1. Are any residues in segment 107-133 surrounded by fewer than 21 Cβ atoms within 10 Å (Cβ to Cβ) and either touching a Cys at 6+ places or on another chain (Cβ under 7 Å) or of a type in the set (S, T, Y) (or both), and if so, which ones?
2. From (1) modelled with pLDDT of 95 or more; (2) farther than 27 Å from I115 by Cα; (3) not charged (D, E, K, R), pick out the condition that doesn't hold for G198.
3. If you go through segment 125-140 one residue at a time, how many are in contact with an Asp or Glu (Cβ under 9 Å, 6 or more places away or on another chain) and more than 9 Å from the ligand (Cβ to nearest atom)?
4. Of the conditions (1) over 20 Å from A31 (Cα atoms); (2) within 9 Å of the ligand (Cβ to nearest atom); (3) open to solvent by 10 Å² or more (accessible area, probe 1.4 Å), S155 clears all except one; give me its number.
5. Here are some residues: P223, P249. Which one is of a type outside the set (A, V, I, L, M, F, W, C), within 15 Å of the ligand (Cβ to nearest atom), modelled with pLDDT of 95 or more and open to solvent by 30 Å² or more (accessible area, probe 1.4 Å)?
6. Got at least one residue in segment 229-240 being open to solvent by less than 10 Å² (accessible area, probe 1.4 Å) and within 16 Å of the ligand (Cβ to nearest atom)?
7. Is it the case that L114 is within 23 Å of L233 (Cβ to Cβ), more than 14 Å from the ligand (Cβ to nearest atom) and at pLDDT 95 or above?
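The values are calculated or read from the model by the stated rules, or taken from the named source; none is laboratory data. Since the model is a prediction, treat every value here as computed from it, not as a measurement. Positions of Cβ are backbone-derived with ideal geometry, glycine not excepted, and every protein chain shown enters the neighbour counts. Heads up: the accessible areas ignore ligands, DNA and RNA and are worked out on the full protein's heavy atoms, side chains in. Shrake-Rupley method; radii C 1.70, N 1.55, O 1.52, S 1.80 Å.
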Amino acid sequence: MAKISRPTSPDTLLTSRRSYSIWAATVASLAKTPRNLDRPRKDVSDLDLAAAVIPEMRRELIELWEAFTLNRAEVSRYLMDPKKEALTYLLGFHLANLARTQGMLRRVEHRMGLISWLREQNRPLHIEDLGCGTGALTFATLDLLFREEKKLPCSVELVDKSKAFLDAAAHGLQQLDPAATLVTRQQRLDEYLERERGKADEANENIVWHQLGYVWNEIAHSPKTSQAMLRHLGQGLKQGRRLITLIEPATQDLARAAQQLRDELCAMGYQALYPCPHSANCPMLERARDWCYSEWEWQQPPLMPKIDRILGIDRHRLGASAYVFVSPDIAMALRTLKNTEGPDAVVVGRPLDEKAARGSRKFNYLLCTDEGLIKEPVDAGPERLRGVVWKRMEKPKVTPVTAQKSKAVRKPQKTRK
Ligand SMILES: C[S@@+](CC[C@H](N)C(=O)[O-])C[C@H]1O[C@@H](n2cnc3c(N)ncnc32)[C@H](O)[C@@H]1O
């Protein structure tokens with residue numbers, strides 16, 4: 001039996017006080033004065049105003065939630081006044097997406113020291129948020145980076161077809177870092193990416209971080225836009241100093257689409273820093289019934305349970321299909337810094353133990369390793385969430401799940417046309 005060392009449980013405070021108060025200020029800047037306000041608006045704090053806005057936006061919150069969860073393909077046809085849509089998204093999704101991003105980046109920091117390494121660089125950081133919405137991914141990244149005194153020079157480019165979303169994102173980010181250079185581009189992604197293609201050969205000394213939050217599923221059906229996106233992400237790889245954050249829903253079909261994108265990025269030359277313990281093909285694509293996503297416990301800020309009650313959900317535990325990729329030069333620098341190749345094994349599932357007595361509902365942990373997927377029985381320790389490291393101190397007795405193939409044998413899959 002393998003000897004296991006348990007990783008410490010990750011911090012659950014995934015939305016800082018600062019991000020919560022800036023969120024409330026942005027809500028207050030977008031919202032009309034709520035009818036149920038018992039004092040003049042000027043005497044009401046941003047958080048009290050947000051609390052009064054939430055019940056008035058009940059119908060919109062439910063409609064947008066249903067559009068995202070029941071029929072995501074219809075999201076683009078979802079008709080709502082753009083300003084109302086941005087406010088609804090800010091109320092219903094912004095903080096949860098911010099928490100998911102922070103949860104993921106903290107695990108990356110814990111494993112590979114990415115955030116500390118970035119803070120030590122003498123180069124400027126350029127963040128490009130593609131389909132930025134309310135800017136949750138960029139906000140979470142900068143909030144974490146700026147937790148220390150030392151701030152690295154930073155420029156942010158926000159791209160979205162909706163002006164209302166761009167305004168909301170810019171409002172929050174300006175408050176977080178007034179010194180950052182902020183550019184907003186109200187453009188369709190295919191147009192923006194075409195324009196960027198023309199700049200492919202321009203010398204650039206920046207570290208470039210591409211943020212893709214819940215946007216791949218909205219552009220994947222368009223060959224023109226998705227191919228332009230892949231070309232764009234591959235474009236800077238030769239220069240190095242590239243990072244990508246990818247977040248998508250945790251549902252089976254969309255998570256598997258994200259896994260395919262992960263394989264394409266790795267075939268291109270990116271290395272998967274999170275959650276994967278290797279950059280060979282994703283073993284969870286081998287069986288149609290598997291899909292990979294991450295989980296986090298979230299200590300929700302006070303107004304969030306109010307929104308969850310309207311939506312009939314509980315987001316104390318968050319899920320998302322979530323990845324961080326880096327160019328090989330950054331992967332090498334981090335390995336040298338931490339003197340580690342990264343985790344041996346990562347928890348990717350909790351399948352029922354088929355051999356256990358019927359009705360006992362005993363679980364196994366499904367682990368992703370560079371030798372394929374393996375199962376380990378659940379032990380008496382605290383529950384391990386999907387996406388956390390399972391450190392093996394010695395080789396476990398392997399129960400093969402997928403065919404065990406060596407790293408060298410598992411070749412990258414063909415690029416999707
Ligand atoms: C689901 S929201 C995600 C927002 C944000 N990235 C996040 O993770 O919270 C998708 C965003 O992508 C934008 N979007 C979708 N397709 C786009 C396109 N083809 N061109 C520009 N923006 C697009 C939408 O306007 C929307 O703001």
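1. S116, P124
2. The number of the failed condition is (1).
3. 3
4. Among (1) over 20 Å from A31 (Cα atoms); (2) within 9 Å of the ligand (Cβ to nearest atom); (3) open to solvent by 10 Å² or more (accessible area, probe 1.4 Å), S155 violates only (2).
5. Selected residue: P223, the only one of P223, P249 that is of a type outside the set (A, V, I, L, M, F, W, C), within 15 Å of the ligand (Cβ to nearest atom), modelled with pLDDT of 95 or more and open to solvent by 30 Å² or more (accessible area, probe 1.4 Å).
6. Within segment 229-240, one or more residues are open to solvent by less than 10 Å² (accessible area, probe 1.4 Å) and within 16 Å of the ligand (Cβ to nearest atom).
7. Answer is yes for this residue.
Residue-wise test of (1) buried (at least 20 other Cβ atoms within 10 Å of the Cβ); (2) in the same structural domain as Q260 (by TED's automatic domain parsing); (3) closer than 30 Å to T69 by Cβ.
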{"residue": "C292", "(1), (2), (3)": "yes, yes, yes"}
{"residue": "R309", "(1), (2), (3)": "no, yes, yes"}
{"residue": "D314", "(1), (2), (3)": "no, yes, yes"}
{"residue": "Y323", "(1), (2), (3)": "yes, yes, yes"}
{"residue": "D329", "(1), (2), (3)": "no, yes, no"}
{"residue": "L334", "(1), (2), (3)": "yes, yes, no"}
